[in-house]
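Please read the structure below before turning to the comments.
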Amino acid sequence: MALSGYRVMWLFAMFDLPVDTKDHRREYAQFRKKLQGAGFTMLQFSVYAKHLPSEEASESLRAKVRAALPAHGQVRLMAVTDHQFGKMDVFYGRKRTAAEEPPLQIALF
């Protein structure tokens with residue numbers, strides 16, 4: 001069974017967290033580790049994404065991220081379809097490259 005590019009989602013976590021004190025740096029590190037532990041991959045500094053089989057799975061993961069929010073700073077969560085994600089323009093310098101491929105294990109669902 002092929003998964004629809006309109007049903008499969010990418011959940012983005014984008015954040016700006018303070019790192020000016022030891023406590024803030026600890027909160028930053030803990031939040032990053034929780035994102036990575038939940039399967040997020042770093043796309044850019046402070047921009048992480050995870051490939052999910054459905055919007056329902058996205059909502060469940062959003063709740064987990066909300067539970068891990070640090071006390072300071074700003075966090076944004078945004079979900080886009082796999083189809084929308086595939087339309088992303090990615091550049092290294094002036095050279096255009098392809099967007100990340102979805103992980104293979106998602107095909108098992």
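Tabulated data
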{"quantity": "Test: residue in region 21-36 that is surrounded by 15 or more Cβ atoms within 10 Å (Cβ to Cβ) and in contact with an Asp or Glu (Cβ under 9 Å, 6 or more places away or on another chain)", "calculated": "no"}
{"quantity": "Single residue of region 58-73 satisfying the filter (under 15 Å from the mean Cα position of the chain (by Cα) and in contact (Cβ under 8 Å) with a residue 12 or more places away in the chain) that is farthest from Lys34 (Cα to Cα)", "calculated": "Ser58"}
{"quantity": "Top-ranked residue of region 19-30 - restricted to ones that are in contact (Cβ under 8 Å) with a residue 24 or more places away in the chain and within 10 Å of Ala71 (Cβ to Cβ), ranked as farthest from the chain's Cα centre (by Cα)", "calculated": "His24"}
{"quantity": "Single residue of Ala107, Ala68 found to be of a type outside the set (Asp, Glu) and modelled with pLDDT under 95", "calculated": "Ala107"}
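The values are calculated or read from the model by the stated rules, or taken from the named source; none is laboratory data. Computed from a prediction, not measured in an experiment: that's the story for all the values here. Using ideal geometry, Cβ is built from the backbone for each residue, glycine included, and neighbour counts are taken over all protein chains shown.
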